[in-house]
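The values are calculated or read from the model by the stated rules, or taken from the named source; none is laboratory data. Predicted model only: the values in this text are computed from it and were never measured. Here Cβ is always computed from backbone atoms with ideal geometry, including for glycine, and neighbour counts include all displayed protein chains. Ligands, DNA and RNA are stripped out before the accessible areas are found, and what is left, the full protein with its side chains, is counted by its heavy atoms. Shrake-Rupley method; radii C 1.70, N 1.55, O 1.52, S 1.80 Å.
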Amino acid sequence: MIKTFQYGIDQLTCRLALEIMRGERKGILNEETKKGIERSSEHVQHIVRSQQIVYGVNTGFGPLCTSIIGANDTRTLQENLLKSHAVGVGEPIARNLSKLMLILKVHALAKGFSGIQWETIERIVWHIDNDVIPVVPKQGSVGASGDLAPLSHLFLPLIGYGKVWSDTRQCDASAILRLHELSPIMLGAKEGLALINGTQFMAAHAVVAVAEMQNLMENADLIATLMLEGLNGSIKPFFPQLHDLRPHPCSQYVASTIYNLLQDSQIVQSHKNCARVQDPYSLRCIPQIHGASRNAWLHLKQTTEIEINSVTDNPVIIDQDLIISGGSFHGQPIALPMDYATLAISEIGNVSDRRVYLSLEGDTPRVPKLLLAATGLNSGFMILQYTTAALASENKNLCFPASADSIPTSLGQEDHVSMGSISGRKLLQVIENVSHILSIELICAAQALDFHRPLTSTPIIETIHQVIRNHIPHIEKDQPMTDILTSARMLITSGELVSHAMQVSEKYNIPYLGHQASIYNQF
């Protein structure tokens, strides 16, 4: 039986949101939630009947906030809001991101402080449950009054406008509603504003980033360890005695993980007394570099999970006598962490590129230059590093913080904006680029390790190496690399390497993850 999640009541995590998105868990509305939603909606109706002047209920929006709207026009006002604000441009975001936006919005509205009608929120849940997902353009939000343009596109189908996904095609929402014998929703006072004020575009990007960044960092530790073995890296920089003297928890976690992974390695023992004094930073400083990035990830995770359990529209209906027009829609709280995370995951790719370069130099005993036994006629792995260099450089350009910029909008009413939507889009692009960089390091590290045979590493590293070799052969001569690159990236994005490492660890009771694993490994 599929597990459930109670919108508006249960605590939402990034993991749970993704489970609902994938259909692995069902989001539901219960009677307690319904009472809170209807109570908030009745507060709005009381305002309309009593002719109180409340922003967005019976006034215009933004710089038109002093324009009073008559009771008979409040419905038209809300519909016009969605129509006028649906001005996004560019390619659509991924369908799953749009679905996540719906899930996050339902959870926020279901808390009962937004004045939404029960029928409206039921219709949004219908879209989620039936996978009728609106088409949302990538560009157009400045992340200030929330994600106005993306959320307007997200909810146009409620009133019979806009586009929705049908398989891989975009269809008119009106046609899909007719197909399901549904009529457009008639929005009440405040509803349009409740729907399009909020940070769900930014937050959906952050939720995906939390999951994908966590997976990349786990892979980065494993791949870096594989490369350490391939390049005869020293185990001493990972000793706990060193990291106890500079006790950053994330650095300690990475150091102890790699220390555990290398215990009793024949390869480590083979160069125990070599003449090399110390390794380059990209090997020696893995705990400090990877650990700092994990710290940024942890900050993003914690901030995102506060955000997705918050009420972020405006005004907020506390009760019929207290309606607060505030700034809970402003994206700054998650824009800054997303920019920080962009820099952090970019650095994972940056140091990975350096390790790829090191592996080609031919300075490690038994490991040939360019990772190929016969070069000259063959170029070997030389050009793979061109790709990692190109991606690392592109990431550096994407690291400029979007939140450092602000352009006033709404005739000066919105005079500081977060640009958090751009932060989110850049973050996912950098994550994708880093997955390609790590896939190339994986190929190079496995190739380097081959040259140390018959020496072996530890059970976990040997298992990881065998999994790689099940998909990617040892390369003897130049050949097209497209399929190999695709296979390597799939090993990373699927989480297969991490899964195998965990299985070996549990099967043989071998320590793998460093201390504090429950904090830094779960999302």
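Of the residues making up region 315-339, those that are in contact (Cβ under 8 Å) with a residue 40 or more places away in the chain, in a strand (DSSP E or B) and surrounded by fewer than 18 Cβ atoms within 10 Å (Cβ to Cβ) number 2. For first residues located in region 105-129 and polar (S, T, N, Q), partners that are part of a helix (DSSP H, G or I) and open to solvent by less than 10 Å² (accessible area, probe 1.4 Å) and lie 6+ apart or on another chain with Cβ distances below 8 Å form the pairs Ser114/Ser40; Ser114/Ala108; Ser114/Ala194; Gln117/Ile37; Gln117/Glu191; Thr120/Leu158; Thr120/Glu191; Thr120/Leu195.
Within the set Glu441, Glu432, Glu414, Glu394, the sole residue that is acidic (Asp, Glu) and buried (at least 24 other Cβ atoms within 10 Å of the Cβ) turns out to be Glu441. Just one of the numbered conditions (1) part of a helix (DSSP H, G or I); (2) within 30 Å of Ala86 (Cα to Cα); (3) within 25 Å of the chain's Cα centre (by Cα) is not true of Gly192: (3). Apart from one condition, Val351 fits all of (1) in a helix (DSSP H, G or I); (2) surrounded by fewer than 17 Cβ atoms within 10 Å (Cβ to Cβ); the exception is (2). Among the residues making up region 161-184, those that are at pLDDT 95 or above, open to solvent by 20 Å² or more (accessible area, probe 1.4 Å) and either of a type in the set (Gly, Ala, Ser) or within 28 Å of Ile318 (Cβ to Cβ) (or both) are Gly162, Ser174, Ala175, Ser183. Going through Ile407, Ile345 one at a time, which residue ends up being exposed (fewer than 15 other Cβ atoms within 10 Å of the Cβ), over 25 Å from Asp450 (Cα atoms) and not acidic (Asp, Glu)? Answer to the check: Ile407. Being in a helix (DSSP H, G or I) and over 19 Å from the mean Cα position of the chain (by Cα): is that true of Thr342 here? Spelling it out, it is not the case that Thr342 is in a helix (DSSP H, G or I) and over 19 Å from the mean Cα position of the chain (by Cα). Of the candidates Ala175, Ala203, the single residue that is touching a residue at least 24 places away in the same chain (Cβ under 8 Å) and either part of a helix (DSSP H, G or I) or touching a Gly at 6+ places or on another chain (Cβ under 8 Å) (or both) is Ala203. Of the residues making up region 130-172, those that are assigned to a strand (DSSP E or B), touching a residue at least 40 places away in the same chain (Cβ under 8 Å) and in contact with a Lys or Arg (Cβ under 9 Å, 6 or more places away or on another chain) are Lys138, Gln139, Trp165, Gln170. If you go through region 471-513 one residue at a time, how many are surrounded by fewer than 18 Cβ atoms within 10 Å (Cβ to Cβ), within 19 Å of Val254 (Cα to Cα), under 27 Å from the mean Cα position of the chain (by Cα) and aliphatic (A, V, I, L, M)? Of the residues in that region, 1 qualify. In region 1-27, the residue that is nearest to Ile317 (Cα to Cα) out of those that are touching a strand residue (DSSP E or B) at 6+ places or on another chain (Cβ under 7 Å) and open to solvent by less than 40 Å² (accessible area, probe 1.4 Å) is Tyr7.
Taking the condition of being under 22 Å from Glu19 (Cα atoms) and either in contact with an Asp or Glu (Cβ under 6 Å, 6 or more places away or on another chain) or open to solvent by less than 30 Å² (accessible area, probe 1.4 Å) (or both), how many residues in region 92-122 meet it? Looking only at that region, the number is 16. Among the residues that make up region 28-39, is at least one of them touching a residue at least 12 places away in the same chain (Cβ under 8 Å), polar (S, T, N, Q), open to solvent by 50 Å² or more (accessible area, probe 1.4 Å) and not in a helix (DSSP H, G or I)? Checked region 28-39: no residue is touching a residue at least 12 places away in the same chain (Cβ under 8 Å), polar (S, T, N, Q), open to solvent by 50 Å² or more (accessible area, probe 1.4 Å) and not in a helix (DSSP H, G or I). Listed by position, the helices (runs of 4 or more DSSP H) inside region 259-314 whose residues that are buried (at least 19 other Cβ atoms within 10 Å of the Cβ) number at least 3 are 286-307.
Restricting to region 395-436, name every residue that is among the acidic types (Asp, Glu) and within 18 Å of the chain's Cα centre (by Cα).
The one that is among the acidic types (Asp, Glu) and within 18 Å of the chain's Cα centre (by Cα): Glu432.
Taking region 355-388 as the range and being open to solvent by 40 Å² or more (accessible area, probe 1.4 Å) and either more than 30 Å from Cys274 (Cβ to Cβ) or in a helix (DSSP H, G or I) (or both) as the test, the residues that pass are Tyr357, Lys369, Leu377, Met382, Ile383, Tyr386, Thr387. Of the residues that sit in region 221-238 and are over 15 Å from Gly291 (Cα atoms) and in contact with a Ser or Thr (Cβ under 6 Å, 6 or more places away or on another chain), which one is surrounded by the most Cβ atoms within 10 Å (Cβ to Cβ)? Per the criteria, the residue is Glu229. Among the conditions (1) more than 23 Å from Gln466 (Cα to Cα); (2) modelled with pLDDT of 95 or more; (3) within 31 Å of the chain's Cα centre (by Cα); (4) of a type outside the set (Gly, Ala, Ser), the only one that Phe239 does not satisfy is (3). Would it be correct to say that Ser439 is outside any loop (DSSP other than H, G, I, E, B), modelled with pLDDT of 95 or more, under 13 Å from the mean Cα position of the chain (by Cα) and not hydrophobic (A, V, I, L, M, F, W, C)? So Ser439 does not fit the description; no.
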